[in-house]
Each structure stands twice: as structure tokens, then as C-alpha cells.
Amino acid sequence: MTTIATVLFNGVAYGMLLFIMSVGLSVTMGMMNFVNLAHASFSMLGGYVLVVVTQQLGLPFLISLPLAFVVAGLVSLVVERTIFRYFYGTDDLTQVLLTLGLIFMSIAIVTYFWGGTYQQIRVPSWLTGQQDVLGLTLERYRMFLVAVGAVLALVLIFGLERTRFGACVRACVDNARVARACGLNTELVFAVTFAIGGGLAGLAGALSANLLGIDPNFPLRYLVYLLIVVSVGGMGTITGTLVAALLLGVADVAGKYYAPEIGGFVIYTITVLVMLWRPHGLMGRRA
């Protein structure tokens, strides 16, 4: 039972990382119908912000996290205003090719400045080691990830359901044309939402650097995971993204622990079954 509980906890921690990394992509694709594969590059950016802030500037780890959010959010806003907005309404293939090109550009830029090796990450001593909790020995850093993910999930869910901005976002999601006719600045809503999504991706990259490692190939390694989470949960739904991320995180960790030979195929099997059962995702709406 102890082993099962530990595996479950590690899966939840991994799922929280996937949630933070993919929730912006889910909302962006669901609201603006824009296939932004470069979303994973914003996560890589957040990881390298952590490296620069903690190792080169010597600032504390907790300060690097909001900085990663801000920097990734600003960069994603600039990219959205200067590039992406001119491709809204184009076909999916054009958007895929555009954002794939940006991924390879980001990989080349990072390789030029930091090389192609993994970066060493330092975390505070109070986040290292293990802690006994209710008879379980859990890693402190994973406990920190679960806490941060839970807080962000609550903020995002209630932020979209209980605030005026959330109402504007939902209106744009339901019908952007009618929202514009009612006086809503849909471009501003799209830009702010895009920046928040990119910032969350950067925050996730900074949080994941210690566990997953950070190197120039980070976007290519985890892009598929982000797309799977969005597809299983349903585009444009935060709750669906959270449920899908936790489900896939637990399934991935448990599969690799109990059946290492085939563990890597578990999440793909789940994805296929869910897509056959609900092609629009667990909590997605029919087009």
C-alpha cells in the first residue's frame, strides 16, 4: 500500500506539471482556434530564465519563478502581436508549419547561447530531500509542485467563473463575432489570455527543470505530452485539462514503475481509448 500511495503521489505531482504546462495551450486552441505548437518553447524559455536568474544572477529560487512567468508571458505576447495574429483564420497546416518553425528557431537560439547540454539546477535546501507525511516518505519538491499546481488550478477555475475578465473570455470562446458586436475588445482579450498561457508555460518550465531537466530539445520531448493532455481533456476547458493531466500523469508514472518494458505506451493507449469514446475530449464541447 505504501508503494502504491507513493507512486500515486508522484503521478499527481507529474500531472500538476503537465497541467500548468498545457492549460494555456488548451485555452488558446479552444478560444482562438489557433494551433500553437510553439507553446512548448515558452516552457523551455521559463527553464532557462530559472538557470540565468539562479546561477548567473544569484537570485533566490522563489524569485526566479515569478520572473519566469513574467518573461515567458511578455515574450509570448510579443510573438502573438507581431506574428500569430496575422495567421488567425488560416488553415491548420499553415499554423502547424509556422509554429513548428518557431520551435526549431527557439532550439537554435538556445543552443547558440547555452550549448546543447543539460543545465544544472539548484533548488533551496528546504526543497531537497524527503519528508514523512502520514507514514509515507515523500519528496519535498514534489510536494511543492502539488501545492503550486493546486493553487493555480483554483485561481484559474475561479478566475474564469467569478470575474469580469473570465466572463469576457467565455463570451469570446462561445462566439467571438457576437462578443465584438457587444463592444468587447476581443483582440485585447486574446492577447492577455495568450500572455497568461505563455506565462504559465514558462512557470511550468521553471518548475520542471529540476525534475525533467532543461536542454534545447525540451520542446520536442514534451510537445506530444501537451497535445495529448489537451486532446484528452478537451480544448478550452481548464477543469478538463486538469483531470486529463492528473489521469495521464498517474498512468505514465504507474506504467513505467510497474511495467517498465511497456510503460511508455500506457498514456498513448489511454489517449486512443478516450478519443474513440469522446472525440472532443472528456469535458470538451462538440463543435
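Brief remarks follow.
- Residue in the range 211-221 that is farthest from residue 49 (Cα to Cα), counting only those that are assigned to a helix (DSSP H, G or I) and in contact (Cβ under 8 Å) with a residue 12 or more places away in the chain: 220
- Residue match in the range 146-165 (condition: among the acidic types (Asp, Glu), under 30 Å from residue 30 (Cβ atoms) and touching a Lys or Arg at 6+ places or on another chain (Cβ under 8 Å)): no
- Condition met for residue 170 (among the basic types (Lys, Arg), under 16 Å from residue 43 (Cα atoms) and surrounded by fewer than 22 Cβ atoms within 10 Å (Cβ to Cβ)): no
- Filter result for the condition that a residue is touching a strand residue (DSSP E or B) at 6+ places or on another chain (Cβ under 9 Å), over 30 Å from residue 243 (Cβ atoms) and not polar (S, T, N, Q), over 58, 89, 129, 116: 129
- Yes/no for residue 12 being at pLDDT below 90, over 11 Å from residue 227 (Cα atoms), in contact with a Gly (Cβ under 8 Å, 6 or more places away or on another chain) and in a helix (DSSP H, G or I): no
So that you can scan it fast, the table gives a plain yes or no per residue for (1) of a type in the set (D, E, K, R); (2) touching a helix residue (DSSP H, G or I) at 6+ places or on another chain (Cβ under 9 Å); (3) in a helix (DSSP H, G or I):
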| position | (1), (2), (3) |
| --- | --- |
| 131 | no, yes, no |
| 137 | no, yes, no |
| 151 | no, no, yes |
| 154 | no, no, yes |
| 165 | no, yes, yes |
| 191 | no, yes, yes |
| 204 | no, yes, yes |
| 209 | no, yes, yes |
| 223 | no, yes, yes |
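- Residue within the range 37-51 that is surrounded by 15 or more Cβ atoms within 10 Å (Cβ to Cβ) and not in a helix (DSSP H, G or I) present: yes
- All positions within the range 196-222 that are among the aliphatic types (A, V, I, L, M) and either buried (at least 24 other Cβ atoms within 10 Å of the Cβ) or more than 14 Å from the chain's Cα centre (by Cα) (or both): 200, 201, 203, 204, 206, 207, 209, 211, 214
- Test result for residue 199, under 24 Å from residue 280 (Cα atoms), of a type outside the set (Val, Ile, Thr), out of contact with any His (no Cβ under 7 Å at 6 or more places or on another chain) and in contact (Cβ under 8 Å) with a residue 60 or more places away in the chain: no
The values are calculated or read from the model by the stated rules, or taken from the named source; none is laboratory data. None of these values were measured; they are calculated from a predicted model. Counting neighbours? That spans all protein chains shown, and the Cβs are built from the backbone with ideal geometry, glycine included.
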